[in-house]
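Here the structure is laid out as structure tokens; the discussion comes afterwards.
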Amino acid sequence: MTDLENRLRTAIGITEVAAQVAMGHFRKSPDIETKSDQSPVTIADKQTETAIRDGLARAFPDDAIFGEEFGQSGAGSDMWIVDPIDGTRSFIAGLPLFGMLLGFLRADVPQLGIIRMPALGEVYAGAIGLGATCNGDKIKVSDCQDLKKARLFINEGDKIAAQEPEVFAQLIHAGDLRRLGADCYPHALVARGLADAVVDFDLQPYDYLPVSAVVEAAGGIMTDWQGQPLGMGSDGRTLTAATPELHAQLLELVAT
């Protein structure tokens with residue numbers, strides 16, 4: 001087993017344990033706090049991230065960890081990146097589309113990623129050279145090359161409409177099938193071949209880097225709105241596409 005295979009297998013196990021922590025609070029009206037950026041946080045977020053951090057510290061004591069709730073611990077080019085509950089608003093509302101994200105970076109480049117959907121019983125995983133899976137079964141992106149025929153998700157549509165109204169005006173007429181969404185699940189659906197593209201907005205590194213590893217392991221593309229690779233310093237606007245042709249059309253659309 002290679003180092004990356006071991007890391008991926010171990011990380012999947014760590015998220016399986018942590019998912020039980022999150023589900024222990026789901027639909028039980030946890031206390032809600034408001035962070036400095038006005039986003040909500042619950043005890044479930046904090047306890048779930050603690051469970052992930054504890055598992056990583058035992059398995060990979062020399063690696064750094066960067067998480068949404070507790071920031072960075074450790075140093076070095078090998079770093080795990082954690083979003084314990086991606087979609088806290090969905091979690092609070094009892095919507096089962098919240099996720100759990102875990103990724104591993106080496107020198108700021110995503111090596112592997114996990115998208116776990118605790119309430120759905122689904123785990124998407126992928127790594128460089130290893131392909132991608134859903135619940136252990138191989139998955140891959142669709143072969144859609146034409147935006148007019150695409151199943152398109154517009155994530156954070158309210159924010160795009162407010163801050164990029166011309167882009168939003170184009171998006172709501174793009175694709176063959178459009179859905180307004182949020183959080184990680186639309187990206188997982190692209191990796192699985194059930195959706196073709198996602199335009200996303202106002203993300204943090206722990207939102208997009210684990211996801212990008214899964215999408216790209218499944219054969220897709222995920223970049224910023226300028227077509228540049230994603231890293232810790234990206235501006236949080238992302239494009240996910242099944243094929244290069246579809247990605248090129250999305251780049252042209254957001255450049256409106």
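The values are calculated or read from the model by the stated rules, or taken from the named source; none is laboratory data. A quick note: this is a predicted structure, and the numbers were derived from the prediction, not measured. We place every Cβ from the backbone using ideal geometry, glycine too, and count neighbours over all the protein chains shown. Protein only, heavy atoms only, side chains kept; ligands, DNA and RNA dropped before computing areas. Shrake-Rupley method; radii C 1.70, N 1.55, O 1.52, S 1.80 Å.
For Thr240, only one of the following conditions fails: (1) part of a loop (DSSP other than H, G, I, E, B); (2) at pLDDT 95 or above. What is its number?
Here Thr240 clears every test but (1).
Can we say Gly157 is surrounded by fewer than 24 Cβ atoms within 10 Å (Cβ to Cβ), at pLDDT 95 or above and either on the phi > 0 side of the Ramachandran plot or in contact with a His (Cβ under 9 Å, 6 or more places away or on another chain) (or both)?
No.
Counting only residues that are of a type in the set (Lys, Arg) and in contact (Cβ under 8 Å) with a residue 40 or more places away in the chain, how many does segment 150-185 have?
2
Condition check: within 27 Å of Val17 (Cβ to Cβ) and in contact with a Leu (Cβ under 6 Å, 6 or more places away or on another chain). Does Leu112 satisfy that?
yes
Are there any pairs with C-beta distances below 9 angstrom linking a residue in segment 53-78 that is surrounded by fewer than 16 Cβ atoms within 10 Å (Cβ to Cβ) to a residue that is assigned to a loop (DSSP other than H, G, I, E, B) and at pLDDT below 95, with the two at least 6 apart or on different chains, and if so which?
Pairs that qualify, where the first residue is surrounded by fewer than 16 Cβ atoms within 10 Å (Cβ to Cβ) and the partner is assigned to a loop (DSSP other than H, G, I, E, B) and at pLDDT below 95, are Ala57/Gly74; Pro61/Gly74; Asp62/Gly74; Asp62/Gly76; Ser77/Ala107; Ser77/Asp108.
Which of the residues that make up segment 171-209 are open to solvent by less than 10 Å² (accessible area, probe 1.4 Å), touching a Lys or Arg at 6+ places or on another chain (Cβ under 9 Å) and part of a strand (DSSP E or B)?
Hits for segment 171-209 are Ala197, Val199, Asp200.
Being of a type in the set (Val, Ile, Thr), touching a Ser or Thr at 6+ places or on another chain (Cβ under 9 Å), over 17 Å from Leu253 (Cα atoms) and part of a strand (DSSP E or B) narrows it down to one of Val123, Val141, so name that one.
Testing whether each residue is of a type in the set (Val, Ile, Thr), touching a Ser or Thr at 6+ places or on another chain (Cβ under 9 Å), over 17 Å from Leu253 (Cα atoms) and part of a strand (DSSP E or B) leaves just Val123.
Residue check: is Leu112 open to solvent by 70 Å² or more (accessible area, probe 1.4 Å) and either closer than 19 Å to Val215 by Cα or assigned to a loop (DSSP other than H, G, I, E, B) (or both)?
No, not satisfied.
Quick one: which strands (runs of 3 or more DSSP E) lie wholly within segment 24-91 and hold at least 3 residues that are touching a helix residue (DSSP H, G or I) at 6+ places or on another chain (Cβ under 6 Å)?
78-86
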